[in-house]
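The values are calculated or read from the model by the stated rules, or taken from the named source; none is laboratory data. Because the structure is predicted, anything quoted here is derived from the model rather than measured. Here the Cβ positions follow ideal geometry from the backbone for every residue, glycine too, while neighbour counts run over all protein chains shown. Accessible surface is based on the protein model in full, side chains and every heavy atom, while ligands, DNA and RNA are left aside. Shrake-Rupley method; radii C 1.70, N 1.55, O 1.52, S 1.80 Å.
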Amino acid sequence: RFLLSEINNDNVLLQDAAKDLLTLLSIDKNDKGHPSSKPLQAIRTKHAMLNKGSPISNTLNDLANNPESACKVLLGLQAALEKLLSWTSVDNKTLNKSKEEIRAMKPRELSAFKKHEYEQMMHAKKRINDSALLFCKQGGLDTLLDAAIHCPHGNMLQREMSVVLGRMFGCIESIDDVKAAVKPMLSFHEGVTIEEIHTDFDEKGEEHQPLEEQSRRAQLTTALLLGVPEVGVWALNRVGGIDELRELINSNDVDAMFLASELVSAAASVEQARPLLSNLPLDVLLESDDYDIRSGAASALAKLGLADKALSANEGEVMGLLQISVELLYEDGTKAGQDNQLPNVNRSDGSPKPTTAIERGVEVLSYLASKTQVKEELAFGFRPSPDAPSSALDRLVELASAPEAGDSLSAYGLATIFSLMAVSIQTLRREAFAGKEISMEQYDELQALGKTGEEKDLEPGETLDSPSSVQERIRRMASANVPRSMVKLMEGATEATVEQVIMGLNRMASEPAVRGLIVQQGALSACLKVEKGDDPSESGRKILRQARHCIAKLLVSTNPSLLTSSQRMGSIKPLVQLIRDNDATDLQEFEALLAITNLGSADDETKERIVAEKGISTLGYAMFSDHDMVQRAATEAMCNLVPHPEMMKHLADPEHLRLWLSFASDVEGNFECARAAAGCLAMSTYDASIANALVELKSFKESMLTMLESGNLEVMHRALVIVLNLVEQQGKCREAAIASGLVSFCEAYVVSYHDGKKANELHFSEGDQEQMAVTVDVAKEVVRQVREAS
């Protein structure tokens, strides 16, 4: 009736707000009588903060007169929360300009635009600050707290009230203003004297505050911990605050215990609040029959346990938390009217979101997954009970594969679990020291110097992962369709979640045995889609680099013929860009070069695409890397471009050819690179222009004799093929080969080893003997052709 009357209000904004609320309240209910959640995001509040007489605050106050009836109109509260979120959002839409428009601005225009943007942002922040304080003063905070503690415990809306209030508190600029707004509701007492009196009251058994008042304060403290942790700790640490929390835990009242569980979970996330939880009976919450209560307690214990080195090293404690967290993954589906999957609760404005029991289970697992023991249990089929419908890993895959899983609150946690399972503790530590001035080993040595022998003995150690253990986990993850579920998680996910997914796929791609399976499950195509973003941020560039590295790893050993044409062609550009990236590591560049080498062996079409992406200049630059393995890989990649016309043109240039000859003759300095360079010359000197340019180089004779006399059969074989190509060219090429003594070397080589007797005296392996026989045959062909021509 109230809303219908507001539709006729002279104020257009009030009319619009009332209509929106009525639309929300008219949403169909499901067959259980609960409000349907599907259309909630279809209506977005469009109104700025309304001062006194706001229809939202009036509606809330009306509902507060009868808190029990407020639970029957949860959608009205949802609308109020949506309104509150709109008040605490900075809206810069009037200043939104494209990057192209900003770049096109003249200096004065840009300066004026930035100033106007800053002024509007400061105005918006002041509006939000004033709106939040007015909301508290006008009774909105009281109303929401009343409604929250009378909601059915575990209801999504009850949790949402906590996080929305937390966001509102976070928008108040002054911490003192936050304290002033909530202090009357906390029955706050300060001072040592008062604390002693309060303690005496407890000891004498004086009457305590009603459970409802304690519940209100617990709900408020939870919101403060989520929004302004410093004030949340202050509120929790007030005189009697911990005692009240203990009473809520021991109250045997399900609603009160749920609020206590939410509070300890929020407090465990704040470092300064953790010591306050040390003497609380959290096991009471953990042993509750209600999974909502258990989920909050398990989350708190996981955070506290991982923060405490001694506790985190206790195998029994870790396994207990694993058992509870995995049970939570299944229990959410036992509630009537709920789907056994993750709800989509993301907001377009990035606001905080409430959690469900499944999400709590994922949260706890994301903490525990850093433990080697937990990784092994998950990979090898851990089940919470013998009659569980599936293993924990299968359940995680099911959750990650659900529709819109990337939009869920647990998307990041799921990606983190998968990513941690595919890596060892040692590798994680090395990654943490990447780019630092000190290595992991040096850091460990410095730490050890500051400890006594007794301290070293007492220090708890982490079970180390062997490479074989990590490989086996990755193989089991691939068989359980983890890569496919990770690809699903990328749909609609935040940047942080995408980063974790790409990192996890990257780690899984380190195992050659599963690369084909990972490609089949869509990982390669997903990484290629990351390339389509324009002008990424700093974190976006990091994700892009990781995605390109994942592409490189997958294609190092994957048969190019098994890829689709779009996969094969689409992979070339990101690989070339990774090689060109100045911020890429040597490993990333090396594996990208190996992938390009592999793709270049496929067909002429692939070679054409590599060249079109400026691959020749990029690979040529990589040949001068400080890292020997990068040099070698770049040289091999260029070899695979022969006989593309552009590559042949590159080699025909005397300056380029001189460098190739220099690389080929550096057998002792970098054998593998020399072998590759010599192979490239052997494959390309059949071309007259390249052969003529080669013999005209000043270093031709010296470099060729160095290769022939190196004693390495692989390099000698390639050098003899070059000589054979020169002899077959006739003219000045043949004359240069003779004049340089190359033919004479072949004649002497044939005389010495033609019958194989002297070769036996060298005690070569069977493989080397076969290789030597090949070199002798090539030398014989050189001698034969020269004699026939003469």
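With r as the distance between the Cβ atoms of residue 466 and residue 213 and R0 = 56 Å, compute the FRET efficiency 1/(1 + (r/R0)^6) and round to 0.05.
For residue 213 and residue 466, the calculated efficiency is 0.50.
Pull out the extension gain between residue 142 and residue 702, defined as 0.36 nm times the separation in residues minus the alpha carbon to alpha carbon distance; nm, one decimal.
192.5 nm
Is there a quick way to get the dipole size of the range 671-764? I mean about its Cα centre, with the Cβ of Lys and Arg at +1 and of Asp and Glu at -1; what is the value in debye to the nearest 20?
Roughly 60 debye for the range 671-764.
Can you give the direction-averaged projected area of the convex hull of the alpha-carbon atoms in the range 627-776, in nm²?
Quarter of the Cα hull surface area: 8.8 nm².
For Cα pairs less than 8 Å apart in space and 6+ apart in sequence, what is the mean separation divided by the residue count of the range 516-577, i.e. the relative contact order in percent?
The normalised contact order for the range 516-577 reaches 43 percent.
In whole percent, what relative contact order does the range 580-680 give with Cα contacts below 8 Å and a gap of six or more residues? Intermediate values should be presented prior to the final figure.
Details: 101 pairs, mean separation 26.2, N = 101.
So the answer I get is 26 percent.
Could you run the Karplus curve 6.51 cos²θ - 1.76 cosθ + 1.60 with θ = phi - 60° over the range 413-419 and give me ³J(HN,Hα) per residue in whole Hz, x for Gly and Pro?
x, 4, 4, 5, 4, 4, 5
What pairs in 179/303; 99/303; 106/529 have C-alpha atoms more than 30 Å from each other?
99/303; 106/529
Any idea what the alpha-carbon Rg over 2.2 N^0.38 Å comes to for the range 490-607?
Numbers: Rg = 13.2 Å, N = 118, 2.2 N^0.38 = 13.5 Å.
Cα-based Rg divided by the globular estimate yields 0.98.
What FRET efficiency would be calculated for the residue pair residue 317, residue 243, taking the C-beta separation as r and a Förster radius of 35 Å, to the nearest 0.05?
Details: r = 26 Å, r/R0 = 0.75.
After rounding to 0.05, the efficiency reads 0.85.
How much length would be gained if the chain were fully extended between residue 735 and residue 104, taking 0.36 nm per residue of separation minus their Cα-Cα distance, in nm to one decimal?
Gain in length upon complete extension: 220.8 nm.
So how exposed is residue 494, as accessible area in Å² (1.4 Å probe, rounded to 10)?
70
Which ³J(HN,Hα) values, rounded to whole Hz and listed in residue order, are derived for the range 356-372 from phi using the Karplus coefficients 6.51, -1.76 and 1.60 in 6.51 cos²θ - 1.76 cosθ + 1.60 with θ = phi - 60°, glycine and proline given as x?
So the J values, rounded to whole Hz, are 10, 5, 4, 5, 5, x, 5, 4, 4, 4, 5, 6, 6, 5, 6, 8, 4.
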